[in-house]
Amino acid sequence: STMRKRKTTDSPRSSTDLSEGKEKLRLKQEVGLISGVSLIAGTMIGSGIFMSPEWVLYHMGSPASSLLIWAACGLLAMFGALSYAELGTVIKESGGEYIYILRIFGSFPAFLFAYTSVILVRPAGLAAVCLSFAEYAVAPFYPGCSSPQVVVKCTAAACILLLTIINCLNVRLATSIMNIFTAAKLLALLVIVVGGLVLLAKGQTQSFQNAFQNTTAGIGAVGVAFYQGLWSYDGWNNLNYVTEELKKPEVTLPRAVMIAIPLVTCLYLLVNVSYLAAMTPSELLSSEAVAVTWGDKVLGSWAWLISLSVALSTFGSSNGTFFSGGRVCYIAAREGHMPDILSMAHVRCLTPSPALLFTSAMSLIMIVSGNFTSIVNFFSFIAWLFYGMTISGLLYLKIKKPELPRSYKVPIIIPIIVLMAAVYLVVAPIVDQPQIEILYIVLFIFSGIILYFPLVRFKRHPRFLEKLTLHLQLFLEVAPTTSDAN
């Protein structure tokens with residue numbers, strides 16, 4: 001059948017064995033509307049808006065066309081999130097793309113997604129954001145010169161360890177930190193917006209004269225510009241990873257999307273206008289960090305506030321990425337696609353601590369090795385490959401399974417537009433500028449076949465794994481969980 005029914009049995013050692021007849025463990029429903037908006041907006045607003053504008057302008061060639069790209073990226077993120085909101089009300093389980101691909105297309109493609117996401121994409125993204133945080137956090141201690149890489153990497157590692165402790169201790173603590181840091185970064189963006197409006201009122205509009213001059217028309221250049229812009233919007237789908245932890249998900253999920261993404265899109269457009277009011281396009285292109293250059297020009301002696309704001313912004317974004325990324329690992333393990341220990345939750349804190357610890361370990365490895373820059377550069381390629389698959393699953397359900405109960409329905413034209421955009425974003429850079437790294441990524445995805453058939457399909461598990469799981473259960477004080485979903 002199209003909608004695969006979730007297995008009804010949990011691990012052989014059920015939580016009732018460990019808790020003497022008590023109910024099975026479940027993650028708490030702690031995420032309300034405000035926390036949902038904070039999770040989406042707080043993860044989206046990371047280092048991208050402070051770093052990416054110069055690259056969008058570089059690939060598009062003119063200020064007006066770069067602003068159009070930023071608006072189009074926001075619209076595409078909104079369409080994607082609305083499509084995911086319908087999926088979240090049909091399949092009321094955490095796990096985002098993983099659980100949707102599993103229920104619609106089956107075990108094998110879902111495993112390939114989980115394998116790629118858990119081992120590569122999520123840890124690489126988290127490592128990149130934490131390194132960005134570290135660069136800005138240590139910069140004031142090394143004025144006039146670049147920060148030593150050892151110090152930057154140690155600071156990034158400390159950031160990941162701190163996030164691990166916070167997220168393992170308490171879901172409410174993690175969401176509270178998200179709310180606080182989201183408010184801080186929104187305030188920082190508002191400072192840039194107001195500063196830009198003041199400059200425009202004073203007549204600094206030279207960047208907007210002949211604004212379409214030198215616009216690039218190549219499909220590959222437009223695709224790469226979209227990649228740069230969409231990196232700043234990444235996180236629009238994060239709430240779907242924690243559906244089971246939402247209060248009234250059928251209401252909270254669509255509402256949070258409709259508030260957060262238009263808010264972020266408007267801020268991004270106004271911030272870009274502010275950058276262009278303060279700098280000419282050539283000055284913007286020569287800047288290593290657009291927001292810092294803006295601060296030097298507009299705030300003068302208060303420019304340090306921008307560096308502090310970027311550090312706070314990236315820390316808040318990495319917290320949101322970590323919060324949702326650990327859930328993919330946890331849900332995949334609960335479905336039998338990862339080791340059992342990763343599907344368990346702490347018996348008192350009720351957090352998926354083993355999955356969070358695993359995500360943390362993978363991110364630390366990437367920070368130490370430092371060989372992940374090319375992986376992050378092609379993050380959008382992998383992401384939109386699986387976004388396209390997920391959206392095609394929604395279209396299949398809308399056409400073939402219209403009788404499934406839905407508390408929210410998106411017009412069918414919206415997922416069609418998202419699917420067309422996904423195909424374009426995957427194909428255009430390959431056709432226009434083929435690069436060997438894309439082949440490496442595709443080979444990595446399909447290398448999951450080597451693990452899938454022996455470990456998942458035929459369940460040939462090494463004998464020592466059961467003993468190791470038991471010892472880790474006792475050491476980490478965790479037990480198997482069950483889903484709240486119907």
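The values are calculated or read from the model by the stated rules, or taken from the named source; none is laboratory data. Owing to the predicted nature of the structure, the values given are computational and were not obtained by experimental measurement. Counting neighbours? That spans all protein chains shown, and the Cβs are built from the backbone with ideal geometry, glycine included. Just so you know, the surface numbers come from the protein's heavy atoms only, side chains and all, with ligands and any DNA or RNA stripped out. Shrake-Rupley method; radii C 1.70, N 1.55, O 1.52, S 1.80 Å.
With the charge dipole of the chain set up from +1 on Lys and Arg Cβ and -1 on Asp and Glu Cβ about the Cα centre, the Cα lying farthest toward the positive end among the listed residues 102, 46, 413 is that of 102. Free of any chymotrypsin sites (Phe, Trp or Tyr not before Pro) that DSSP assigns to a loop and that have at most 13 other C-beta atoms within 10 Å, the longest stretch within the chain is 213-457. Excluding the site residues themselves, the longest part of the chain lacking any GluC sites (Glu not before Pro) in a DSSP loop with at most 15 other Cβ atoms within 10 Å is 24-287. Taking the Cα centre of the chain as reference, the dipole from Cβ charges on Lys and Arg (+1) and Asp and Glu (-1) amounts to some 1360 debye. For the pair residue 440 and residue 202, label points projected 7 Å from Cα toward Cβ lie 4.6 nm apart. Each residue of the stretch 276-286 was assigned a 3J(HN,Hα) from its phi angle through the Karplus expression (A = 6.51, B = -1.76, C = 1.60, θ = phi - 60°), giving 6, 6, 7, 10, 6, x, 5, 5, 5, 5, 8 Hz with x at Gly and Pro. In the stretch 211-339, a dipole from Cβ-located charges (positive for Lys and Arg, negative for Asp and Glu) runs towards its positive end, and of 219, 274, 336 it is 336 whose Cα lies farthest in that direction.
Each residue of the stretch 167-174 is assigned a 3J(HN,Hα), and the resulting list reads 6, 7, 6, 6, 5, 5, 4, 4 Hz, derived from the Karplus form 6.51 cos²θ - 1.76 cosθ + 1.60 (θ = phi - 60°), x at Gly and Pro.
Across the stretch 48-65, coupling constants 3J(HN,Hα) worked out from phi with the 6.51/-1.76/1.60 Karplus curve, θ = phi - 60°, read x, 5, 8, 10, 6, x, 5, 6, 4, 5, 4, 6, 8, x, 9, x, 5, 5 Hz, and Gly and Pro carry x. Leaving out ligands, DNA and RNA, and with a 1.4 Å probe, what % of the accessible surface on the chain is carbon or sulfur? So the carbon and sulfur contribution to the accessible surface is 66 percent.
For the chain, find the longest principal axis of its Cα atoms and tell me its angle to the long axis of helix 436-446, 0 to 90°, nearest 10. Its long axis makes an angle of about 20 degrees. Near the amide H of residue 345, within less than 5 Å, lie the amide hydrogens of 479, 481, all on another chain or at least 5 residues away, with H placed in the peptide plane. Using the 1.4 Å probe convention, the accessible area of the stretch 260-414 works out to 36 Å² per residue with neighbouring protein chains retained.
Stretched out fully, how many nm does the piece from residue 420 to residue 365 gain, at 0.36 nm a residue minus the Cα gap?
16.2 nm
Mean projected area of the convex hull spanned by the Cα atoms of the chain, taken over all viewing directions: 22.9 nm². In this structure, residue 347 and residue 151 have a Cβ-Cβ separation that, at R0 = 25 Å, corresponds to a calculated FRET efficiency of about 0.05.
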